[in-house]
Each structure stands twice: as structure tokens, then as C-alpha cells.
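Just below is one structure, and these are the notes that go with it.
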Amino acid sequence: MICLSLTERRLEDNLEVAKAQADHADCCELRADFLEPEELASLDRFPRLLGKPCILTLRRRCDGGLFDGTDAERAAIFRRCARSGFRWFDFELDFRAELPVRTGAETGPEKGPRIIRSHHNTTGMDSDLTAIARYLSENENEIPKIAVTPRSTAELFALLDLAAELGSRLKTREKILLGMGEWGFPTRVLPLRFGSSVSYCTAGPVRAAPGHVPPKELDLLYRVRAQSGGTRVYGIIGNPVMHSRSPFIHNAGFAELGLDAVYVPFLTDDPALFLDRAEELGVEGLSVTVPHKRAVISRLDGSGPGVEKVGACNTVVRGDGGWTGYNYDVAGFLEPLKRIWESTGRKHRKAVVLGAGGAARAAAYALVTEGLEVIVLNRTLEKARALARDIGCRAARLDDEGIDEARSYTELVVQTTSAGMHPREELDPFAPYDFTGDETVYEIIYAPRETRLVRRAEKAGCRVIYGEEMLLEQAYLQFEKFIGRSYPREDLPKYDRILQRLV
Ligand code: ATR
């Protein structure tokens with residue numbers, strides 16, 4: 001179930017929000033601790049007006065909420081609402097309220113609410129979570145809920161261990177287990193894998209808890225409600241990772257092909273541990289991004305062409321023999337160029353590559369493999385030299401002198417540095433060079449779409465390849481590797497427009 005947390009200050013506004021999101025949520029949680037105090041007097045009317053199953057929550061400040069009153073005041077509010085049609089009451093571990101109705105496993109307007117027995121930790125993970133879980137689940141009429149804040153890959157998997165433990169003890173009993181914040185995001189997108197019956201979200205700008213996303217995102221992008229026990233799981237590991245556009249691209253492809261599969265952003269600080277345990281989450285394949293593209297290689301059981309030479313891997317796939325790594329940055333980079341070579345009937349012979357990081361290595365390797373002569377220009381000369389030695393090309397410093405040295409190579413200029421990328425949009429790493437209009441300029445940055453360097457190139461009349469093209473091409477290749485079917489590329493613009501509007 002997708003549960004929409006309502007965090008407006010007035011009941012009327014909460015009803016508006018719930019109405020606008022009605023198609024994307026199965027139930028609501030009224031966060032009464034967010035309400036203006038005078039609104040509390042009319043709480044009991046809310047479930048009837050809402051017309052959806054509703055949880056009543058009055059979270060204290062110490063548990064991450066806004067309620068400042070005493071426990072006696074809280075108990076009085078719950079007592080008053082016991083017969084008003086709330087399907088569940090959320091009570092923390094240590095909270096007791098004598099209610100004028102019997103609470104049992106059965107709920108309904110006439111039977112009174114069921115208790116969700118919850119424990120929250122908004123700053124970390126408790127060391128005694130197993131004991132807490134046991135305590136929470138003592139009363140079998142209650143639904144145990146644990147919401148904690150993992151801060152590493154190890155802690156995310158500790159939550160998975162807890163889910164397994166709860167699963168074996170509570171069997172089919174409903175339970176709620178979630179990780180707050182970015183590290184815990186997979187628990188929101190893969191609730192079934194964590195044995196959780198509910199994934200919470202918020203629609204408005206005031207998030208009920210860290211890591212909440214809008215209900216449309218859970219419903220349409222991650223298709224949480226359509227997932228089954230057999231949903232195939234893919235994703236991206238990186239740090240940071242939540243800005244990635246890959247979930248939009250891959251999930252749109254899965255949706256279009258009607259596949260029971262989902263692609264999840266996994267914030268990761270330990271790629272080896274992640275690969276060791278990924279199978280427990282059902283993960284079959286992953287994109288790998290900064291800063292793990294190099295580190296992940298030592299954990300591979302096999303690798304495709306280019307991985308060793310480039311020293312970077314951006315895709316891993318789990319098979320019978322373990323993990324195999326690929327570098328689709330190389331092929332993805334070449335795709336748009338090959339289209340130009342085909343349409344013009346002319347291949348570039350020489351190229352300048354700006355930068356000497358991981359992206360530069362993939363680009364230089366791709367170009368040299370295609371038979372081009374390449375010069376790499378980098379701010380730090382040593383890195384350019386190391387790249388040139390590994391790949392077999394020339395190197396110079398990215399300064400006036402180096403640019404002069406590279407002049408005979410500028411029929412193709414490939415920009416791979418991070419200079420000009422959001423939020424440093426004012427930077428232009430090739431500023432001393434005046435474009436003539438004869439150059440093909442390949443910018444790898446895709447946010448923003450037009451960097452300062454690209455705007456100069458366009459103005460001079462150059463042919464420009466935008467970063468988005470490489471991003472999409474490598475994603476299409478990954479997609480095909482993941483599921484063995486081609487990406488429905490003609491449908492992407494439609495989905496991308498719809499999905500981009502969600503965030
Ligand atoms: P990636 O793996 O995405 O290529 P990286 O390995 O961090 O990222 O490499 C970043 C590249 O951008 C490097 O070539 C870096 O130059 P240095 O090796 O001198 O650090 C380059 N870069 C970053 N900021 C730059 C700037 N302001 N001007 C020029 N080059 C810059």
C-alpha cells in the first residue's frame with residue numbers, strides 16, 4: 001500500500017491534498033502534530049470527509065514530530081477520536097492510552113482502530129533493534145512499525161537482516177519497516193523486499209519524514225503498487241546518486257514493455273559489500289557511477305572489453321558465474337559519433353579530449369580504438385600523461401601552450417571535465433580557444449544541457465553533440481544487457497516528459 005502522509009496545518013487543506021493525489025495512494029496518515037492547535041477540535045470529522053482508510057498520528061518531537069503536549073493530552077485526543085472512523089492509531093513503543101473501544105486485529109468504523117506500534121529514530125540505527133522489534137511485536141493484534149535512519153550500505157543491509165528476522169518470527173503478520181533518508185530510500189521503493197506492507201510518502205513541500213517522495217513518484221515511476229515478490233530489481237550504485245536520471249530512463253523502459261521490473265537508486269559507500277549482498281534484494285544488474293567505477297573492478301568475477309584498459313566499469317550484471325562488469329560509457333560515447341560519421345560519410349581523424357578523469361579515459365579509449373589520433377589536455381599534466389600512457393595517445397597541459405599544441409587536433413573536441421557542470425555553470429575549460437565553426441564539439445555534461453562552452457561552439461556554427469545523447473545511449477545498452485530486449489527508444493520522450501514532471 002502507498003500511504004500518503006498529510007502534513008498541512010489545516011484539515012481542509014489536507015483534504016485538498018488527499019483529493020489531488022487520490023489515484024496514487026491507498027490510504028492516508030493524518031499527521032495531526034502538524035495541525036494548528038484549533039484544528040484538533042474537529043479531528044473526529046476527518047475520516048468521513050476523507051473517504052479513505054486513515055492512520056491518526058500525533059508524533060512527539062523526540063520521535064521526529066511536532067507535538068509538544070503531554071502524553072495525557074495526546075491520550076485524550078486519541079480517546080476522543082476512537083469512534084470516529086480512523087482505521088489505525090500510531091502509538092509509539094512506550095505510549096499507552098485507555099481507549100473506549102477494544103482494539104483488535106479487525107478494524108472498521110464500528111470496531112475501533114487498530115494500533116500501529118511504532119519506533120522511530122531520525123538520526124541513526126539503534127544498536128538493539130532486534131530487541132526493539134521483539135518488544136514491538138508482542139501484541140499480535142498490533143502492527144509493528146520500525147522507522148530508523150541507516151547511514152551506510154552496511155546499515156541498509158542491517159535493516160534487511162532485521163526484515164528477515166521479523167519475517168521468520170511474524171510470518172504473514174503485517175509489519176512496517178522503513179529506512180529514512182537517502183540511505184534508506186530502497187526500503188520505500190522496494191517495500192516487499194523489506195517485508196513491509198506500507199510505503200509512506202508526502203505530496204506537499206513539507207515532508208513528513210526524511211526521504212519521502214511524492215506519491216506519483218512511488219506509483220508511476222517505481223510502480224510500487226504493481227510490484228510482486230518476483231519483481232526483477234535493477235539500480236544504480238553511487239555516492240551521491242539521488243540526482244541520477246537513470247531511474248527515469250530505465251523505469252520508463254520497463255513500464256513501456258510491461259515488465260515486472262524496477263530500477264532503484266542505491267546510495268552506496270561500499271560497492272563490494274553491495275555486490276556481495278545484492279542478491280538478497282533480488283538485484284540482477286546495476287549501473288555504477290561516481291565514485292565507484294574504478295573500485296568495483298576488483299570485486300568482479302569477469303569483465304567485458306575495455307573495462308581493464310579504461311580502468312572503469314559502469315555496468316555490472318549478476319549471472320551464474322557471479323558479477324560481470326562492462327563499460328558502456330565507451331560504446332555509449334561512440335554511438336552519436338558513429339551516426340555523424342555515417343550520415344556525413346566522413347570520419348574524424350583527430351580529436352582533443354579535455355580532462356583526464358574516468359569519463360576522459362572512456363572517451364579517449366573509444367576514439368583510439370576507432371583509429372583516431374588523440375591528444376588529452378588536462379589541468380593536471382601528470383594525470384593526462386598517465387592516461388596517454390595507458391591508452392596510447394598524446395598529452396599536454398590544459399593551458400595556452402597545450403591548446404596551441406592541440407590546434408591540429410580540433411576537428412573533434414570532446415569535453416569531459418566537470419567544469420561547466422551544475423552548479424559551476426560559469427566555467428568554460430576551453431575558454432582561450434576560439435571556435436572556427438569547423439569543429440565538432442562533443443560535450444559530456446548533460447546538466448545543464450547547454451554549457452558555456454557549448455553556447456560558444458553553437459554561436460561559431462559548430463556541430464554539437466550534447467551530453468544527454470551519451471547518457472541515453474549508454475543507458476539503452478545497459479537496458480539491453482539487463483533484460484535482453486532493446487530499449488523502446490521512440491517512447492522515451494513521452495515517458496520522460498511525464499516522469500520528469502513528478503519531481
Ligand atoms: P569523471 O570520472 O567524471 O571524469 P573526475 O575523475 O573527477 O571525473 O575528473 C574530473 C576532470 O575534470 C579532471 O580531469 C579534472 O582535472 P584535474 O585532473 O586537474 O583535477 C577536471 N576538472 C575539474 N574542474 C576543472 C576546472 N575548473 N578546470 C579544468 N578542469 C577541471
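The values are calculated or read from the model by the stated rules, or taken from the named source; none is laboratory data. This structure is a prediction, so every number in the text was calculated from the model and none was measured. Every residue, glycine as well, gets a Cβ built from its backbone with ideal geometry; the counts of neighbours run over all protein chains shown. Remember, those area values only see protein heavy atoms, side chains included, never the ligands or the DNA or RNA. Shrake-Rupley method; radii C 1.70, N 1.55, O 1.52, S 1.80 Å.
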Please list, ordered by residue number, the strands (runs of 3 or more DSSP E) wholly in the stretch 359-474 having 1 or more residues that are aromatic (Phe, Trp, Tyr) and modelled with pLDDT of 95 or more.
440-443
Residue satisfying condition, being surrounded by fewer than 23 Cβ atoms within 10 Å (Cβ to Cβ) and of a type in the set (Phe, Trp, Tyr), within set TYR365, TYR433:
TYR433
Return yes when SER298 is more than 20 Å from the chain's Cα centre (by Cα), open to solvent by 40 Å² or more (accessible area, probe 1.4 Å) and over 30 Å from ASP438 (Cα atoms) and no when it is not.
yes
Residue set ARG294, ARG339, ARG346; condition charged (D, E, K, R) and at pLDDT below 95; output residue ARG294
Looking at the stretch 332-358 only, could you name the residues that are open to solvent by 10 Å² or more (accessible area, probe 1.4 Å), more than 16 Å from the ligand (Cβ to nearest atom), part of a helix (DSSP H, G or I) and touching a residue at least 24 places away in the same chain (Cβ under 8 Å)?
LEU334, GLU335, ILE340
In the stretch 410-430, anything over 29 Å from the mean Cα position of the chain (by Cα) and open to solvent by 10 Å² or more (accessible area, probe 1.4 Å) is listed as THR410, GLU411, ASP428, PRO429
Mind listing whichever residues of the stretch 374-385 are more than 10 Å from the ligand (Cβ to nearest atom) and either over 19 Å from HIS348 (Cα atoms) or exposed (fewer than 15 other Cβ atoms within 10 Å of the Cβ) (or both)?
ARG385
Select from the stretch 389-399 the residues that are open to solvent by 10 Å² or more (accessible area, probe 1.4 Å) and within 18 Å of GLN415 (Cβ to Cβ) and write down the one among them that is nearest to the ligand (Cβ to nearest atom).
LEU398
Flagged pairs (Cβ under 6 angstrom, 6 or more apart or on separate chains; first in the stretch 452-468, touching a residue at least 60 places away in the same chain (Cβ under 8 Å); second polar (S, T, N, Q)) are ARG463/THR440
Conditions (1) free of Cβ contacts under 8 Å to residues at least 24 places away in the same chain; (2) within 13 Å of the ligand (Cβ to nearest atom): number failed by ARG361:
(1)
Check on GLY402, over 19 Å from TYR466 (Cβ atoms) and surrounded by fewer than 17 Cβ atoms within 10 Å (Cβ to Cβ)
no
Checking the conditions here, which among PRO191, PRO186 is over 21 Å from ARG59 (Cβ atoms), modelled with pLDDT of 95 or more and either open to solvent by less than 20 Å² (accessible area, probe 1.4 Å) or under 19 Å from the mean Cα position of the chain (by Cα) (or both)?
PRO186
